[in-house]
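One structure is given here, and the rest of the page talks about it.
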Amino acid sequence: MNTNRLSAAEAREIAGPTPSERVDAALDRIRAAAENKKRSVSLHEDFWVNGGYGSDRSTLLAKQYDEAVKQLKELGYKVRFFYEERQFVDMYTVVEW
């Protein structure tokens, strides 16, 4: 029997990016925006768009998104999901400080 079996959770962690890695990338964008005297950033990457959309919070993507939002809020940021229907749907995550 193979004692080095890799669980799905371990494989996901290795494959990344983890919610913490997503937050780290967002914090790089936040720093750049703050240095340019901005008070918010809009995150349009797939994770920040698709993770926030939908009411089913039981999916893996939604759980990872919620964890990333929680980490940002714990750092004192205001985080909201923007959704607007026009000719096309516009949706993204907004981080404010």
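Would you check if there is a residue in segment 80-89 being aliphatic (A, V, I, L, M) and more than 24 Å from Ala8 (Cβ to Cβ)? Looking for residues that are aliphatic (A, V, I, L, M) and more than 24 Å from Ala8 (Cβ to Cβ), one finds at least one in segment 80-89, hence yes.
For segment 72-91, enumerate the residues that are hydrophobic (A, V, I, L, M, F, W, C) and either over 16 Å from Val49 (Cα atoms) or surrounded by 12 or more Cβ atoms within 10 Å (Cβ to Cβ) (or both). The answer is Leu72, Leu75, Val79, Phe81, Phe82, Met91. Applying the selection to segment 53-71, what residues are closer than 16 Å to Val89 by Cβ and at pLDDT 95 or above? The answer is Tyr53, and nothing else.
Restricting the first residue to segment 52-68 and requiring it to be more than 14 Å from Glu21 (Cα to Cα), which pairs with a second residue that is among the β-branched types (Val, Ile, Thr) and not in a helix (DSSP H, G or I) meet a Cβ separation below 8 Å and a spacing of at least six or different chains? Qualifying pairs under 8 Å: Gly52/Thr93.
Exactly one residue out of Glu35, Glu84 is touching a strand residue (DSSP E or B) at 6+ places or on another chain (Cβ under 7 Å) and free of Cβ contacts under 8 Å to residues at least 12 places away in the same chain, and it is Glu84. Of all residues in segment 1-21, none that is in contact (Cβ under 8 Å) with a residue 24 or more places away in the chain and farther than 17 Å from Tyr65 by Cβ has its Cβ atom under 7 Å from the Cβ atom of a residue that is hydroxyl-bearing (Ser, Thr, Tyr) and surrounded by 11 or more Cβ atoms within 10 Å (Cβ to Cβ), 6 or more apart or on another chain.
Scanning segment 38-66 for residues that are under 12 Å from Glu96 (Cα atoms) and among the charged types (D, E, K, R) gives Lys38, Arg39.
Helices (runs of 4 or more DSSP H) fully within segment 1-95 that include at least 3 residues being among the small types (Gly, Ala, Ser): 8-15, 19-35.
For segment 23-37, filtering for residues that are loosely packed, with under 13 Cβ neighbours inside 10 Å and either farther than 19 Å from Glu74 by Cα or touching an Asp or Glu at 6+ places or on another chain (Cβ under 9 Å) (or both) leaves 4.
The values are calculated or read from the model by the stated rules, or taken from the named source; none is laboratory data. In this text the structure is predicted, and so the values were computed from the model without any measurement. Backbone-built Cβ (ideal geometry, glycine too); neighbour counts: all protein chains shown.
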